[in-house]
Structures are given as structure tokens and as C-alpha cells.
Amino acid sequence: MHGHQPHPVTPGRATAYSDVLLAKKGKRRGNYNCGRCGQPKKGHVCHLPPSQSITDSISAAVTPADSSTSSAVVTVSPTCTVRPANLRRALSFDDIDVRELPDSGDEIGDEEEMLLDVEVDVGSGKLPVSCLWEVLRRLPPASLLSAAKVCTGWRDVSKQIWKAAEEVRLRVPAKSQVGSVGSVLQKCCSLVRLSLVMESDMDSTMLACIAFACPHLESLEIVICEGSFNRITGDELGRFVADKRCLTTLKVEGCSNLGSFVLCSNTLSILWLSDLHSLSKMVFNIPNLNEISLDFSRQENDSTDLTSMMDGLGRTCPRLQNIHIASLQLSHSVVLSLTAANLRGLRMLSLVLGPEITDASVVALSKCYSNLELLDLSGSSISDSGLGMICNAFPETLTRLLVSLCPNITSSGIQFATAQLPLLELMDCGMTICDSDAQYLTSEEKSGSEVQISPNSNLRLTYQKLFIKHTRLKKLSLWGCSSLDSLYLNCPNLNDLNLNSCINLNPEKLNLQCPKLETVHAISCQDALVQAVQTQVSNDSASLENRYSRKRMADGSKRVGIPFSFSQQVIQLPDCDKASWKLQKQRCTVQVE
């Protein structure tokens, strides 16, 4: 009638009874704790006064010395960093001094300062942690995981290295689990740059794992190995880019499964997508994008509308500076859409494998973009006239010109381009001076029998000569120029020369006046040509320069020496000169394999 009245019990008995009950059955729903002492409230009479709480009782029971110790272990300062800023590239294999002081704005936690002064037992001696850090931070991720199993000291240092890493490069083997990759990424609290080499398939699960484990990711590169497949769709990639608010660089290979995509980001500045195919929709809402590279598949049935894509880039990406597009669907209409976009900051333009890009396209580009520093029209149908317009439009800005796989370009156009572009440092003319019918005809066959030329064939495709004199040119590529018969180069700063598959280049008509030449590629060339190149890069060729016959260059600027009988003069060299040639030959490497 008056309700249930519990039997009066002592506090000690209630405590013992509650401890046994909790240990036996555990705390159940409805068993509340006392707000003063923390004991189960059911059947309990609290002995503490109402003014004292649980936190006050614990702090009162701790001595001052214990209080300071517990605060140092439990309390974590929100501004305490895991590692100094100059040590956060632990897995990037860079040489960084551990003792180098951070900037004034960086703060170092007490545990990190103490870590560098601690010594770790190694066998019978002790090794400072700073030395162990220098050793372990140079290990690849797999070896670093193994090193953490040696002892407690190595495990602690390895843990700090993982926390301090800003850049990680991982190779994901075939049939590996997503959880193993996530466990490695979660060790890196400060990770901002990630590079994955996928030997297994890439799917949305792996992409979600990266998004969860790397909240501050700034750069992501995914390389798809042969035999693996990228299953990421356009919607999944768009959600990933939209969710990563710090992402600035994205490079993904094997994007044949995208179908369509909408990319929206205010921080992304570099975007590379390769192996694209038949995209029904492409939307780039990236106002701060500076560089874009879109590599489409080499299939003729690609139905991607590149004209609409160019129109969208002009409206939504006004800060574009570098554009690279490789597709068989490139045409003059695509170039006109690019010129209508009016990208004022454009500096590098690469339109590769567009057979419908002609000299008219060059005229349109030269009228709208006069500050190009790099122009790549490889695989196009431009001719020597197009090269002349390029020289007239960019004489003071162009430093790199790539016109490989352009069958309408001759040696005269190449000579004119090098003479009219004084700032040129790189030029690629591969497979320009070649003939599909005569490219497999060697010089021995030419000397033994007369070459028969049909009335409908182009006479320029055989016995072409090339004379280049340039003061700033550093790299020149003539790979696959099978119709090149004579070559003279007077380039003081040239350090890389590619003569691969120049099978008809006559060794007696080769003259290289390039004192800084470091590498010559001569794969699939004659043995006599390789020997002539090796001899030309020595100092002996300089003494023979005045003995050559003289011929005026194509632009009429200067007469140059042509070594038509160079091989006979080399045979007459004395033995002492050959000994000095062996010492000089080490300066330049001739690659024949």
C-alpha cells in the first residue's frame, strides 16, 4: 500500500553486492549510477555530501606529483603536431636532415622532442633514435612494416615515420584485399600525396577506402598495370572529386569505363585521364584548372564529341594554361572551337593524332594564341607551309616544337623552322622524312643498285639532306627518318640526339659538331653509322673540320663543312689519337640496344 520499501543496508555491503552483480551479469538497462560516487544507484545510500562530485573525488585523491604525470599522459594539446614539417616526406626517399629546425610557425610536441634524444638498444650497444630515423625512413613501405616487428624501439620509430609521411607510393598486388591497403593508409595521418600502382582491378570500394583513409589528400595518381582493369564509373569519380575539398592533382589511367562524368571542384588544378572512350557527356566545372590531359583510345569507333567539350572548357575553365588531347577524332572544327574559347593564359598546346588538322588549323591557332611556348601537332597533316606559319607566329616565345608522324613535312621545312625559331630547345621530327616503300632500303642496297621511282611517287622521299645550325637547341629527335641520307648538326648546346631507325643515313655524310652531346640513340642503325657517331663525338672531328667541302645552308646564312669521305680520314688517324679518343668517348653514350 505504501509501495515497496527496500531493506536498509550498509554502504560497504551495497558496494560489494553491486560489484559482484556487475562482474557476474554486467550492467543492464535501467541500472543507473549515482551522480556523486558513481556506484549503482539501486539499493544504494551515497555517503558523499551533495556538494562533491565524481571528478572532484578523483582529483582530490591524486597527489600533486601524480596529477602532473597523469596530465602529461592523458591531456593532448590540439596544436601538437605529429612531426616537424620538414620531416613529413619520410616515404618519398628524399634526403632530409632530421636535425634541421622547422620554421618559426611550426610547433613540435614534447613527445617528439624527447624522441630524438632517446637511445634504442641494438645488440650490445645503443643507437640514437635520430640515426635510426635516418635509416628507417629510407626503406620502402613493405620493408618498413617488417622493421616494426624487430623490437619495441623500432616499432615506435616506425610508427612515427608512418605518421610523419606526406607522400606514399604503393604497389597493390593482384588479388589483394582492400582492407590491407586501408590499414597501410590509416597509419599515415599526414598523407597528402598518394601514388598507387594497381596490379589488381580498381573499383569503387578501393576509391571509397582512399577517400576515408586520406581526409587531407591533395594529390592522387592511379597507374593501371597490364592485365588489370579500372571499373570506376563517371558518377563514382565525380563524387570522389566533389568530396575531396583539398584535392589539387588527379591522374588516373584506364578510364575506359567512365561513360560520362561531371567533375566539380574549386581546388583541382591538374587533371589527367587516359584511355577514354565514347564519352556521352563531359562537364568540367573546375574554375581553377591549369592543366588538363585527355588521352582517348586509338579506336576509330570513338563517338566522343570533342567540339562540345572544347566549348565547355572555354566557359568553365578560364585559367587553363596547358592542354593535351590525343584522339583520332581531332579535326579542324575542334581547333576552331578551341580558338573561340579564347583562353588567354594558354601556354602549352598539344593536339596529337589528328589527321584532319591542316595548315588552316595552324592559321586559326596563330591568330588567337600568340604566346605559346610548346606546340605539339604530332600525327597531323600540316606541311612545310604550316611550319612557316608557326615560325612567323611564335618567333619570340616557342621553345618546344613537336611535329612527329607528319608525312607532309620535308627536310627543307625542318631547316627553315630551326633557322627562324631562335629560342627553340626541343624539336621532335620523328617519322617525317620517311617513305613507307623505301624505308627498309639500306645504303648498301642503294649503292649496289639504282633506286627505281615510279612516275606517281614523290621524289622528296629519298636522298634528303638535313643541315641544322642552332645555338640553343638541346634535344633533337629524328627517329624513323628512313629517307634521311645526309646530316650536319652544328649545335653547341645539344645534349640528346635520337637517330633510331635512321637506316639509310650514310656514315660518310654525317657531321656532328656538338661538344656537349651526352646521349645518342642509334637503335636499328648500321654498325658503320654507330662507329661514325662514336668517332664524331671525340675531339678528332674538330681537327678534321677544315678539310671538309663547304656548302651553304638552306637559309643562305653560312657555308658548312660536309664530310663526304669521313670514314677514310678516320682510318688514317694515328694510334696516339685513338688512345685519346677512348678517353673522350666516355663523355657521350651511344645507345644501340
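The values are calculated or read from the model by the stated rules, or taken from the named source; none is laboratory data. Model, not experiment: these values are computed from the prediction. Backbone-built Cβ (ideal geometry, glycine too); neighbour counts: all protein chains shown. Note: accessible area is taken over every heavy atom of the protein model, side chains too, but ligands, DNA and RNA are not part of it. Shrake-Rupley method; radii C 1.70, N 1.55, O 1.52, S 1.80 Å.
Things worth noting here:
- Karplus 3J(HN,Hα) series, Hz, for region 249-266 with 6.51 cos²θ - 1.76 cosθ + 1.60 (x for Gly, Pro): 9, 9, 10, 10, 9, x, 8, 7, 9, 5, x, 7, 7, 10, 10, 10, 7, 9
- Percent RCO, i.e. relative contact order, over region 463-539, from Cα pairs under 8 Å lying at least 6 residues apart: 28
- FRET efficiency, residue 389 to residue 298 (Cβ-Cβ, R0 35 Å, nearest 0.05): 0.80
- Trypsin sites (Lys or Arg not before Pro) restricted to region 276-350 and DSSP loop, no more than 12 other C-beta within 10 Å: 298, 344
- Cross-linked pairs 149/175; 469/509; 126/149; 251/475; 187/251; 244/281: Cα-Cα separations exceed 20 Å for 149/175; 251/475; 187/251; 244/281.
- Solvent-accessible area per residue in region 463-539 equals 32 Å², computed with a 1.4 angstrom probe and all protein chains kept.
- Apportionment of accessible area to carbon and sulfur, region 463-539, percent (1.4 Å): 44
- Fraction of accessible area attributable to carbon and sulfur, region 177-317 (%, probe 1.4 Å): 47
- Residue 223 contributes about 40 Å² of solvent-accessible surface, heavy atoms of the protein only, 1.4 Å probe.
- Linear extension gain, residue 143 paired with residue 368, 0.36 nm per residue minus alpha-carbon span: 75.6 nm
- Computed accessible area, residue 154, all protein chains, 1.4 angstrom probe, square angstrom: 60
- Carbon plus sulfur fraction of accessible area for region 366-415, probe 1.4 Å, in percent: 46
- Computed FRET value (nearest 0.05) for residue 463 with residue 212, which takes r as the C-beta separation and R₀ as 56 Å: 0.30
- Probe 1.4 Å - accessible area at residue 310, Å² to nearest ten: 0
- Computed over Cα pairs, the Kirkwood radius of region 463-539 leads via Stokes-Einstein (1.567 mPa s, 4 °C) to a diffusion coefficient of 107 µm² per second.
- Between residue 159 and residue 242, the FRET efficiency estimated from the beta carbon spacing at R0 = 30 angstrom works out to 0.35.
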